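Every read-out reported here was derived from the displayed coordinates using simple, explicitly stated rules and does not represent laboratory data. Computed from a predicted model, the values in this text were never measured in an experiment. Neighbour counts run over all protein chains shown; Cβ positions are idealised from the backbone, glycine included.
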Amino acid sequence: MDTVRIDKYLWAVRIFKTRSEAAEAVRGNRVSVNGSNIKPSREVKAGDTISVRRAMVTYTYRVVEPVAARQPAKNVPQFCENTTPQSELDKLNIPRETIFVFRERGTGRPTKKERREIDSMMEEMYVDDEFDDE
């Protein structure tokens, strides 16, 4: 197989859980191939560079060999090489280092409602950071 659709490839090498999730990310301009925005029907070939933006990190992958069928996790390195720079991966540790939610001693774990509030606060931070970069 010389080429394969980008949405199928991203699903096959386990970058996204479903093909529709991969297609939605491509349509939302969170995925680019060789530096240009694309459509889900775009074909990728060996040697192409794929950039996937998730939250505030941009992951970079190189296509080793196109594949359309979902692969077991242990076979993924045969088809896809993760070339994400360390500086991007370091962004994953920033929220843990800067955000501290104060809770009274002895109150136990957060309730479902409190957890949702914490998650929405974190999501707002990530969304704000994404728009600041553009």
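The table below gives the values:
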item: Test: residue in the stretch 30-53 that is under 13 Å from the mean Cα position of the chain (by Cα), hydrophobic (A, V, I, L, M, F, W, C) and within 24 Å of Met121 (Cα to Cα); result: yes
item: Residues of the stretch 33-62 that turn out to be in a loop (DSSP other than H, G, I, E, B) and hydrophobic (A, V, I, L, M, F, W, C), as a count; result: 4
item: Asp2 surrounded by 15 or more Cβ atoms within 10 Å (Cβ to Cβ) and among the acidic types (Asp, Glu); result: no
item: The stretch 54-90, subset of a type in the set (A, V, I, L, M) and in contact with a Gly (Cβ under 9 Å, 6 or more places away or on another chain), residue nearest to Met122 (Cα to Cα); result: Val63
item: Counted residues, the stretch 19-71 - those being of a type in the set (Lys, Arg), under 23 Å from Ser87 (Cα atoms) and touching a helix residue (DSSP H, G or I) at 6+ places or on another chain (Cβ under 7 Å); result: 0
